[in-house]
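Have a look at the structure below before the remarks.
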Amino acid sequence: MTLIRSLMALVVLACFAGAAGAQTQVPQNCDVTTASDPDRQVLTCAFGIVIELEAAAQMGFSDPSSDSAPEIIDLEGGAALIEVEPGTARPQIRTPHAIAAVRGTVYVVDVTPEKTSVFVVRGEVSVAQLDAGGDPLLLTAGDGVDVGPGLTPGVQRWADERAEALLARFAR
């Protein structure tokens, strides 16, 4: 059954990637579905995480062949909405600019060549600038941060318009 489910997930992923340009490695213990309006992938993983990926998002897992939760998830481009059940897996989302550490929450990570933006819908997320040292920032619901070269990261309460525009990319 696991082999059939994995093969079906790969077929769905291949069809979706061909149509939308997504580049995602899927762990064997995650089910993949598609959602529309706007188009996105939804990964529902046995280790307590649901990840919604924009059609163009590029995400990779540290060990997609493992049955356990990944320690690191790499998001190279595009946006991902991450829902983590409290008390379950706590992987870090690593981007070219930052690392977001899960604390049992719902949040969005958006990666462009210039910066990484993190916005917290519910719960808490710790965000550290990649390769910069210093203390991580703690974001709570309604907070966001932009991290990238030439930016001085600071926790900000995002305007409703900015938060709504980001969440609309996930039909929220």
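Readers should treat all values here as calculations from the given coordinates under stated rules, not as data from a laboratory. None of the values given here were measured: they were computed from a predicted structure. Neighbour counts are summed over all protein chains in view; Cβ atoms, including those assigned to glycine, are modelled from backbone coordinates with ideal geometry.
Per-residue counts of other Cβ atoms within 10 Å, averaged by peptide: what ranking do you get for 49-59, 141-151, highest first?
Values: 49-59: 21.5, 141-151: 17.0.
Descending mean neighbour count gives 49-59, 141-151.
Assuming 0.36 nm per residue, please report the length gained on full extension of the stretch Ser68 to Ala171 beyond their Cα-Cα distance.
34.1 nm
The calculated FRET efficiency for the pair Arg157 and Thr33, based on their C-beta separation and a Förster distance of 30 Å, comes to about 0.35.
Separation of the range 121-172 from the range 34-105 is 16 Å, based on Cα centroids.
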